[in-house]
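The values are calculated or read from the model by the stated rules, or taken from the named source; none is laboratory data. The shown structure was predicted, so the numbers you read here are calculated from the model rather than taken from an experiment. Methodologically, a virtual Cβ is constructed for each residue, glycine included, from the backbone with ideal geometry; neighbour enumeration extends over all protein chains shown.
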Amino acid sequence: MKRFVKKNKFLVLSIVLLIILSIIDMNYTYRSLENTWNQVLSMLLIVPPIFVLIGLFDAWVPRETVIALMGKESGLKGMALAFFLGAFSAGPTIAAFPLAMIMLKKGARYSNVLFFLMVWSSLKLPIVFYQFSQLGFQFAMIINVTMFLVFVVSALFVEKLFSEEQLSTFEEKAEQYT
Amino acid sequence: MSTEGYIIYGLAGLLLLVSLVKDPAKTKLGLKKGFKSFMKLMPVLLPLFLFIGILLAVVTPEFISSLLGEESGVFGLVFGLGVGSITFMPPFVAFPLGRELLENGAAYPQVAGFLVTVMSVGIVYFAAEKKFFSAKSAVLRNLISLIGAIIVIGVVMVVYA
């Protein structure tokens, strides 16, 4: 029992919350489950092509290529590639995690992968254009340019916060999950 | 399905076709690998959806607009950053909400803080991110984005002063 709770913290927390909400107002419970169902549906829709891409990437792209393009010595070229991969994408951030892991597994540099994740989360081109239409050019530009600069600066310096050992564990973890 | 959905399906389909023509055996291996990682990742991700479902039932757009309205001041700033950081919302819900807030007289900095964090900071993803990368990495990514949001608020305050 204890082990089950420890291993499934989120599930247990969610069920407890659902019970509390049911006591307050059953409508919340219905709405929660409806939301969950919609989330699962939209995830299942976006997930198959992502895993096809991951599988093909795994099979076709040799490790040496990834190291040359996005590895330790890839410099500005690696960052630019990470930016384009993140910007020309679709789907929620959580869909980017498996892609990030396969990059790490193939020897991409951590800072490039982190940059890719950050760009994916907020600077995806379809979203940026949508932002322009909803928020107006000026407001959207302030948000996007500022975030871009913050992401670039942090990608340049973030590895200084990690030891060599910590950086190498990312690759091992990625190996485990892909 | 959204346009982005079609784009990614198109891309995956096209590459799959090319791969099949070039080397069916290798393609099969690739698909097997993809499916394997799918099976490994889903148990981590599925409980998250239940949690997000509950969160979105309570933190509705109406709830957010009631607290981010006109003259919400410093409280509005903190609330916008907080609620944006915790929740996840699809862009086609979040941005129209931001626009509606602005049209109803909410101030730009509050809305900016909410929109930036709702996109880039994902505390609901933390458990998964920690498992896949590391706790330090997950904290850093979210923290960097939160700092970014605060800088955006600063810039917006200067520009729209």
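A few notes on this one:
- Scope the stretch B:1-51; condition among the small types (Gly, Ala, Ser) and more than 7 Å from chain A (Cβ to nearest Cβ); matching residues: B:2, B:10, B:13, B:25
- Listed by position, the helices (runs of 4 or more DSSP H) inside the stretch A:1-81 whose residues that are more than 10 Å from every other protein chain (Cβ to nearest Cβ), hydroxyl-bearing (Ser, Thr, Tyr) and within 19 Å of residue A:99 (Cα to Cα) number at least 2 form an empty set.
- All positions within the stretch B:121-136 that are in contact (Cβ under 8 Å) with a residue 24 or more places away in the chain and more than 7 Å from every other protein chain (Cβ to nearest Cβ): B:121, B:123, B:124, B:131
- Test: residue A:68 is at pLDDT 90 or above and in contact with a Lys or Arg (Cβ under 6 Å, 6 or more places away or on another chain): no
- Subset tally (residues that are part of a helix (DSSP H, G or I) and more than 7 Å from every other protein chain (Cβ to nearest Cβ)) for the stretch B:148-161: 6
- The stretch B:44-67 residues that are within 16 Å of residue B:124 (Cβ to Cβ), paired with ones that are in a loop (DSSP other than H, G, I, E, B) and of a type outside the set (Val, Ile, Thr) (beta carbon under 7 Å, 6 or more apart): B:47/A:8; B:52/B:88
- Filter result for the condition that a residue is outside any helix (DSSP H, G or I), within 15 Å of the chain's Cα centre (by Cα), surrounded by 17 or more Cβ atoms within 10 Å (Cβ to Cβ) and in contact (Cβ under 8 Å) with a residue 24 or more places away in the chain, over A:121, A:89: A:89
- The single condition from (1) facing chain A (nearest Cβ under 7 Å); (2) over 20 Å from residue A:54 (Cβ atoms) that residue B:102 fails is (1).
- Any hit, the stretch B:4-27, residues being part of a loop (DSSP other than H, G, I, E, B) and not hydroxyl-bearing (Ser, Thr, Tyr): yes
- Of all residues in the stretch B:137-147 being small (Gly, Ala, Ser) and touching a residue at least 12 places away in the same chain (Cβ under 8 Å), the one that is farthest from the other protein chains (Cβ to nearest Cβ): B:138
- Residue identified as within 30 Å of residue A:5 (Cβ to Cβ), assigned to a helix (DSSP H, G or I) and at pLDDT 85 or above among B:98, B:82: B:82
- Residue check for residue B:127: more than 14 Å from the chain's Cα centre (by Cα), assigned to a loop (DSSP other than H, G, I, E, B) and either assigned by TED's automatic domain parsing to the domain that holds residue B:80 or within 18 Å of residue A:121 (Cβ to Cβ) (or both): no
- Search result, residues across the stretch B:55-93 that are surrounded by fewer than 20 Cβ atoms within 10 Å (Cβ to Cβ) and of a type in the set (Gly, Ala, Ser): B:65, B:66, B:69, B:72, B:73, B:82
- Matching option when the condition is within 10 Å of chain A (Cβ to nearest Cβ), of a type outside the set (Ser, Thr, Tyr), closer than 29 Å to residue B:128 by Cα and in contact (Cβ under 8 Å) with a residue 60 or more places away in the chain, among B:92, B:88: B:92
- Taking every residue in the stretch A:136-156 that is more than 7 Å from chain B (Cβ to nearest Cβ) and pairing it with any residue that is small (Gly, Ala, Ser), at least 6 positions away or on another chain, the pairs with Cβ-Cβ distances below 7 Å are A:155/A:111.
- Of the set (1) within 11 Å of chain A (Cβ to nearest Cβ); (2) more than 13 Å from the chain's Cα centre (by Cα); (3) closer than 30 Å to residue B:41 by Cβ, all apply to residue B:108 but (3).
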